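What follows is a single structure, written as structure tokens, with notes after it.
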Amino acid sequence: MRERRLPIMATFVVFVLLYGLGGLTFDHFMSTRVFGNLLTDNAFVIIAGLGMTFVILSGGIDLSVGSMIGFVGIATATLVSHGVHPLVAIMLLLVLGVVLGAAMGYVIDAFEIQPFIVTLTAMFLLRGLCFVISLDSVPIKHPFVTAFSDFQIPLPGDGWVSGPALVMIAMLIVALVIAHLTRFGANVYAVGGDAASALLLGVPVRRTIVGVYALNGAFGVMAGATYAFYTSSGYPLAASGVELDAIASVVIGGTLLTGGVGLVIGTVFGGLIQGLIQTLIIFDGSLDSWWIRIVIGGLLFVFIVLQKVIMRSVTALGSPQAA
Amino acid sequence: MIPVTPPPTETAARPPREKKSLPSFVWPLMALATILVIVGLIEPAFFSIRIVEGRLYGSLVDIVYRGTPIMLIALGMAVVIGTSGIDLSVGSVVAIASAVMAHYIHEGWDPASVIAISLAAGLACGLWNGFLVAALGIQPIIATLILMVAGRGMALMINGGRIPTFRSDFFSFVSSGSIWIIPTRLFLVVGVALILWALLRRTAFGLFVEAVGANPSAARLTGIATRTVTLGAYGIAGVCAALAGLVITGDTRSSDAVNVGMWSELDAILAVVLGGASLSGGRIYLATTLLGVLIIQSLTTSILMTGLPPEYNLVVKAVVILAVLLIQAPKLRIQVANLAAAFRGRGAK
């Protein structure tokens, strides 16, 4: 099934091309500082995208992750202002995120309500809780958070790897291990590929679906924590629409939206490509900001058509996979 | 999500046979009535309707009035969902139609031409989505995601990054004016609903749409031009969204490409689902879709009326919607029926 690896190859080629284009056009684009910033600025979207990858691999979708990031930010800020240590706050929210995610997974599987609708309800619920907690921006003042946002490992050149980038890399390793080295990961691919066959083969479908959304909840909380510590504040409207960026990262990263096919590492490049487009347009300076959305939309189109063509050729070869 | 239904644990405990199913409008209507009764008990003034300055005035009128843009969008969405599709781009189409409208009003075009070109823009957007779904066979959720992401950028481009304002007596009349004591925009919704009803129930098109949604392969084998039907459904959704754009923009007299119609796709999809349609397609309920919009809008209005802080709006909305969805889920009803049957069976022993 080498054709299945083509989307991810295409993702990688686009990333290298965009990066090369920037390097040829602008001085200092190839510097470690620009690359470090690219990692830092897109860390929370990529972390959210990693969780989303599992959801999409299982054949579902999650619209609630943007609200989750906003909720974690405002909840952390409020807890810290009441004297709770930020790490304790994150631990509490992790438990909450996992429970909420598991509940969503259970409703989706047990009552057969579409993931789109269930996670949409969760999106409203979490955004609403943001407003209930606070209507204003709340600063996070704590030595730990200051240390986190000031933390940097210098790179050769004048760049550095920041705290958010390190969290992102750690979460990537966790996601890679879960996806490729555990039975749960294999189950996710199986359920997303063909749930009926998976069930007949003895894959615990319900446990897998519940697990996927619980895992996604944990990634959502980590994305929110990264965003909150990075901006040192919580804001009830923060990160609205990030679910779309996360979904776009997964799609551009070569994961099939029908589920079952895709790689975790692709999502990282999907997120970085969106960041690169943004950086390129900012570097250029003469292009207006709306081009970012138009270019990302165009790129989505190219990738989806590419996937379609590849899957068609795979089907033509006799694999009954594509639906 | 998972198309596997585990075998029934106790065949004997199942209800003896499928009872005659209730008409489709019963559940949404009951939900709406429950909400209104609860609010009415808390705040009796909720039901008062007066005539002020020659127009109807009151919370119930307000609910219908504010709900109209989403009603227009949801009617188109109902058709798309009937083909087992979904259209995420309607919010962006609202923004594009709004920008096109503002642009050509500034060019000095007459209202009829402005309406025509804005609706044409909506139709073009819808046909693009339909082309991706029908001709390229892309999953609807993803196909329409492209325009959802790129559409607002295009609207911003048409607006030149600004928020153009305009004066137009005609569009103000259409959006916020009234004929006799009834708001003009209600006539618009009723008109669109009647046209769609006639198209779907008085021509074969409706049957074709539901056939495509229920079983595309079977529909194709019976000789239905499934691609044309799908294309048509997305075209309708595009035009409906553009119409909603005209109503919203006529009211605000400005085109804010970033915010106009934001999240309206989610409200519209929810309305269709609350109206009892399944996202897996095969059924179009126009009347209950309108009821779905009224449920969403009356929740928003009644939360304000009962004096609950507005920040609870979304939380209450989420909880109520989840409750309505669970009540409507056939799976839950079967489980409850099984439980009830088992309980009754034990009582008889």
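In whole Å, how far is the Cα centre of region B:274-345 from that of region A:181-240? About 26 Å separates the Cα centre of region B:274-345 from the one of region A:181-240.
Assuming R0 = 51 Å, can you tell me the calculated FRET efficiency for the pair residue A:91 and residue B:135, based on Cβ-Cβ distance, to the nearest 0.05? Given R0 = 51 Å and the Cβ-Cβ separation, E is 0.50.
Here the Karplus curve 6.51 cos²θ - 1.76 cosθ + 1.60, taken at θ = phi - 60°, turns the phi angles of region A:95-112 into couplings of 4, 4, x, 5, 5, 4, x, 4, 4, 4, x, 5, 4, 4, 7, 6, 9, 6 Hz, with x standing for Gly and Pro. If the chain linking residue A:152 and residue A:26 were pulled fully straight, counting 0.36 nm for each residue of separation and taking away their Cα-Cα distance, it would gain 42.8 nm. Note on region B:47-140: the C-alpha convex hull projects to 8.7 nm² when averaged across all orientations.
Computed over protein heavy atoms with a 1.4 Å probe, the carbon and sulfur contribution to the accessible area of chain A reaches 70%.
Once the convex hull of all Cα atoms in region B:268-319 is built, its volume per residue stands at 68 Å³. A Förster radius of 41 Å, combined with the Cβ-Cβ distance separating residue B:341 from residue A:184, puts the computed FRET efficiency at roughly 0.65.
Amide H contacts under 5 Å for residue A:151: A:163, restricted to partners 5 or more places along the chain or on a different chain, H placed in the peptide plane at 1.01 Å from N. Peptides A:156-165, A:177-186 ranked from most to least packed, by the mean per-residue count of other Cβ atoms within 10 Å: A:156-165, A:177-186. Straight Cα distances below 17 angstrom link residue A:308 to the aspartates and glutamates A:3, with same-chain residues fewer than 8 positions distant left out.
Work out, in µm²/s and without decimals, the Stokes-Einstein translational diffusion coefficient of region A:24-140 at 4 °C, 1.567 mPa s, Rh from Kirkwood over C-alpha pairs. The diffusion coefficient I find is 80 µm²/s.
Shielding of peptide A:204-216 by partners, expressed as the average count of other chain Cβ atoms within 10 Å per residue Cβ, is 1.
Placing +1 on each Lys and Arg Cβ and -1 on each Asp and Glu Cβ, with no other charges, gives region B:229-328 a dipole about its Cα centre of roughly 220 debye.
Per-peptide packing, taken as the mean over residues of other Cβ atoms within 10 Å, places B:203-211, A:253-261, A:283-291, A:137-145 in the sequence A:253-261, B:203-211, A:137-145, A:283-291 from highest down. Highest mobility in the GNM of chain B, judged by mean-square fluctuation with C-alpha springs under 10 Å and restricted to B:280, B:217, B:178, is found for B:217. Counting only protein chain heavy atoms and rolling a 1.4 Å probe, the accessible areas of A:267, B:252 rank, largest first, as B:252, A:267. Put simply, when A:116-123, A:201-208 are sorted by average Cβ atoms within 10 angstrom per residue, most first, you get A:116-123, A:201-208. About its Cα centre, the dipole of chain A is roughly 680 debye, where the only charges are +1 on Lys and Arg Cβ and -1 on Asp and Glu Cβ. For chain A, the Kirkwood estimate of the hydrodynamic radius, built from every pair of different alpha carbons, is 20.2 Å.
Which residues in region B:160-201 place their backbone N less than 11 Å from a point set 7 Å from the Cα of residue A:288 along the Cα-to-Cβ direction? Answer for this model: B:160-164.
Inter-chain neighbour count for B:310-322: the average number of beta-carbon atoms from partner chains within 10 Å of each residue's beta-carbon is 6. The stretch between residue B:107 and residue B:262, if pulled fully straight at 0.36 nm per residue, gains 53.2 nm over its current Cα-Cα span.
Inter-chain Cβ neighbour count for B:147-155, averaged per residue, equals 6 (cutoff 10 Å, partner chain atoms only).
Expressed as a fraction of 2.2 N^0.38 Å, the C-alpha radius of gyration for region A:158-244 is 1.39. Here is the size of the protein assembly as shown from its Cα atoms: Rg then Dmax, 25.4, 86 Å. For region B:170-240 versus region B:70-124, the spacing of their alpha-carbon centroids is 13 Å.
Taking 0.36 nm per residue of separation and subtracting the current Cα-Cα distance, fully stretching the chain between residue B:287 and residue B:170 would add 39.2 nm. For the pair residue A:103 and residue B:42, a Förster radius of 35 Å applied to the C-beta separation gives a FRET efficiency near 0.75, rounded to the nearest 0.05.
The Cα-based radius of gyration and maximum Cα-Cα distance (Dmax) for chain B are 21.9, 82 Å. One Cα centroid belongs to region B:25-47, the other to region A:88-155; the line between them spans 33 Å.
Projecting the Cα positions of A:61, A:17, A:39 onto the charge dipole of region A:1-139 (unit charges on Cβ atoms of Lys, Arg, Asp and Glu, taken about the Cα centre) puts A:17 furthest along the positive direction.
Only the Cβ atoms of Lys and Arg (+1) and of Asp and Glu (-1) were treated as charged; on that basis the dipole of the protein assembly as shown about its Cα centre amounts to roughly 2100 debye. Region B:109-183 gives an Rg/Rh value of 1.10, both radii derived from C-alpha positions and Rh following Kirkwood.
The values are calculated or read from the model by the stated rules, or taken from the named source; none is laboratory data. Everything quoted here is computed from the prediction, not taken from an experiment. Every residue, glycine as well, gets a Cβ built from its backbone with ideal geometry; the counts of neighbours run over all protein chains shown. Surface areas here come from the heavy atoms of the whole protein model, side chains and all, with no ligands, DNA or RNA. Shrake-Rupley method; radii C 1.70, N 1.55, O 1.52, S 1.80 Å.
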